[in-house]
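Only the coordinates and a few stated rules stand behind these numbers; no lab work does. Computed from a predicted model, the values in this text were never measured in an experiment. Every residue, glycine among them, receives a Cβ derived from its backbone with ideal geometry; neighbour counts consider all protein chains shown.
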Amino acid sequence: MLKISNIKLPIGHDSHALLHAIIKELKVNKEQIQQYQILKRSLDARKKDQLHFVYQVVVTCQDERKILQNKRLKNIEPYQETTPISLNIGDKPMQHRPVIVGSGPAGLMAGIILAEYGYRPIILERGKDVDRRAKDIDEFWQTGKLNPESNIQFGEGGAGTFSDGKLTTRIRDTRIDHVYDYLIKAGAPEEISYINKPHIGTDILRNVVKSLRDMVLNAGGEIRFEHKVVDIELENQKVVGVHVHASDKHETTYIETNHVILAIGHSARDTFHMLNEKNVAMDPKSLAIGVRIEHPQTMVNQSQYGEYYDHKDLGAAEYQLVRKKDESLDRTVYSFCMCPGGIVVAAASEDGGVVTNGMSYHARDLQNANSALVVNIDPEDYGFQPGKSPLLGLEYLRKWERQAYEVGGRNFFAPAQLVRDFLEGQPTTDLSQSSVIPSYKPGVTPADLRECLPEFVIDALKQAIRDFGKRMPGFDFGDAILTGIETRTSSPLRIHRKESGESINTAGLYPTGEGAGYAGGIISAAVDGLKIAESMIQSYSNQSFQ
Ligand code: FAD
């Protein structure tokens, strides 16, 4: 098989164009091509008047060796297929079934592979299954009535289930292909394996999550919803079991286990407190805080695609902007988790705190584009020094979420301000005249964001919005809406672990995924879950507890 890179084709090319381009690249006849498959497709939008797609393909054809020897052919190399996961099972005895805490991407992936290798894992998830969870979220958005155990952060599929379903990652790991394979088997469109910036949207993702659940169950694993791990039993700092509260039955039970994969995400603040009380080694991390910014999607399309802004082959345009700190700006500001054609969502998981995030459907065809716009914060900024609690960052975020709740009107309405007013330092008193209609539900309260964000964050955001406006026309549009506040871009702490994935001071505990500070996003969390499960499989035998 041969890999051909850098095949450029114009926007709107027909279905035969790629095959013709392959034939031209390889200088062969059509009959010599046995099959081809797209490995990657990206859009080159650097020159707005010359937008084009760039393909990387794998081709099976006659005379491959001869083609490779032809020094005049560029961008062609032999192709190595990804090999399926194949692990040697370890021989240390495992007395009890492993327990996985959390059914987000990290927990589900760890669960699937452990189940496939015969370890019969038990996944404990504090939230509800995806259908019942969706009803609770809908009720919260309609009425402002939050269920602290079933919301955007907690429940089957984890934090990303009600998201844009962006499947991009900056990590490099061969497991990424395995994760894509599992997602495709679970019903995700095949294009996620080759599109440069794949996304599937919350509508598809919810069904994918159900199929992933079936994979765990069909392979012999178990998932218990509405089962929250409230305590970990340790003997000489070694895990011997977990205490689990089943909220549907109002009872707490005990499960004996010596292996706990902790895939709890970044919002399980009560669980972080419990782990800290158990002296599990952890440290605070840098975090980020800011707002969601909403623009008309057409404006973003025009700035990114130029004259092609409404071309049928181009989806809703994205952007990614960073303003690094320098002499004139003492903090880095960046856009994060941009959701084209989507909505700003109420993503709270605690009573009395407003949290925003973004979500979209597969079609990405709603009126507004939104993105987080956040400012970096280091542990020293929130008063951390050696010897102080590792939970300081978490408390800092909670303080500002509560402040936003007060400013919003104590009913989960989010404080919102026009970009025009924000830049001029004026409170917004009326949003009804704005051409951009805020999408956040249950609703927004016109406000002054200075009341619910630190002053240095406000100053950094102002400067960044002005700078981004120079780079991306319209970014500083006066009618654009800022909705506050965004606080859950990453975990506020890292739970330290060894190379094997085990906690550095608590034997049998395997901190995993975003909450433990080893991932940021759906794909990297899933990869981390796979990695930890693989490490466990390679060390321990699944025979001893059967
Ligand atoms: P999580 O997905 O957070 O899962 C943790 C799970 O553990 C939760 O289901 C929780 O209920 C459960 N849990 C916690 N404590 C306990 C306990 N004590 N007992 C039992 N269960 C417990 N990332 C992307 O890559 N692309 C996106 O488009 C994207 N959009 C997002 C949009 C939104 C609205 C949100 C909130 C996040 C988004 N993210 C996105 C981030 C992404 O969802 C996370 O990075 C990812 O889900 C982290 O995976 P995880 O498995 O580590 O943790």
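Could you size up the charge dipole of the chain around its Cα centre, putting +1 on the beta carbon of Lys and Arg and -1 on that of Asp and Glu, and report it in debye to the nearest 20?
Computed charge dipole of the chain: roughly 1480 debye.
Treat the count of other C-beta atoms within 10 Å as a stand-in for reagent exposure and order 193, 42 from fewest to most.
Ranking 193, 42 by Cβ neighbours within 10 Å, fewest first, gives 42, 193.
Could you give the length gained by full extension between residue 66 and residue 24, i.e. 0.36 nm per residue of separation minus their alpha carbon distance, to one decimal place?
13.6 nm
State the answer as a single residue: which of 26, 322, 123 lies farthest towards the positive end of the charge dipole of the chain, with beta carbon charges of +1 for Lys and Arg and -1 for Asp and Glu, about the Cα centre.
26
What is the distance in Å between the Cα centroid of segment 505-542 and that of segment 103-167?
Here the answer is 18 Å between Cα centres.
Calculate for the chain the 222 nm mean residue ellipticity that helices alone would give, adding -39,500 (n - 2.57) per DSSP H run of length 4 or more and normalising by residue count, nearest 500 deg cm²/dmol.
Calculated mean residue ellipticity at 222 nm is -8500 deg cm²/dmol.
How many lysine pairs does segment 75-221 hold where the Cα atoms are under 13 Å apart and the two sit 8 or more places apart or on different chains?
4
Among the lysines, which fall within straight-line cross-link reach of residue 74, defined as a Cα-Cα distance under 21 Å, with same-chain neighbours fewer than 8 residues apart omitted?
3, 8, 24, 27, 30, 40, 66
Over the chain, what is the relative contact order in percent, taking alpha-carbon pairs closer than 8 angstrom and at least six residues apart?
Rounded, it is 19 percent for the chain.
Calculate, for residue 426 and residue 456, the FRET efficiency according to 1/(1 + (r/R0)^6) with r their C-beta to C-beta distance and R0 22 Å; round to the nearest 0.05.
0.65
Hey, fewest Cβ within 10 Å first, where do 432, 286 land in order?
Least to most surrounded, the residues fall as 432, 286.
Hey, fewest Cβ within 10 Å first, where do 339, 452, 61 land in order?
Ranked by crowding around the Cβ, least crowded first: 61, 452, 339.
Classify segment 1-139: rounded, prolate or oblate, from the alpha-carbon gyration tensor (a ≥ b ≥ c, eigenvalue square roots; a/c under 1.5 rounded; otherwise prolate if a/b is larger than b/c)?
oblate
Simple spin-label model, 7 Å along Cα-to-Cβ: residue 351 to residue 507 in nm?
About 4.2 nm separates the two model spin labels.
Give me the distance in nm between label points sitting 7 Å out from Cα along the Cα-to-Cβ direction at residue 307 and residue 35, one decimal.
4.1
Work out from phi, with θ = phi - 60° and the Karplus expression 6.51 cos²θ - 1.76 cosθ + 1.60, the ³J(HN,Hα) of each residue of segment 260-275, listed in order in whole Hz, and give x for Gly and Pro.
With the stated coefficients, segment 260-275 comes to 10, 8, 9, 10, 8, x, 8, 10, 7, 5, 5, 5, 4, 4, 4, 5 Hz.
Extension gain residue 96-residue 120, at 0.36 nm per residue separation less the Cα-Cα distance, in nm?
7.7 nm
If each of residue 49 and residue 139 carries a label point 7 Å out from its Cα toward its Cβ, how far apart are those two points in nm?
According to this spin-label approximation, the distance is 5.8 nm.
Once you sort the root eigenvalues of the Cα gyration tensor of the chain as a ≥ b ≥ c, which label holds: rounded (a/c under 1.5), prolate (a/b larger than b/c) or oblate (the other case)?
Oblate, because a/c is 1.5 or more while a/b does not exceed b/c.
Assuming 0.36 nm per residue, please report the length gained on full extension of the stretch residue 253 to residue 174 beyond their Cα-Cα distance.
24.6 nm
Give me the percent relative contact order of segment 1-120, please, defined on Cα pairs under 8 angstrom at least 6 residues apart.
29
With the Cα gyration tensor of segment 303-380 giving a ≥ b ≥ c as the square roots of its eigenvalues, does the rule (a/c under 1.5 for rounded; else a/b larger than b/c for prolate; else oblate) give rounded, prolate or oblate?
Verdict is oblate for segment 303-380.
Can you tell which of 349, 334, 363 lies farthest toward the positive end of the dipole of segment 308-413, using +1 and -1 charges on the Cβ of basic and acidic side chains (Lys, Arg; Asp, Glu)?
349
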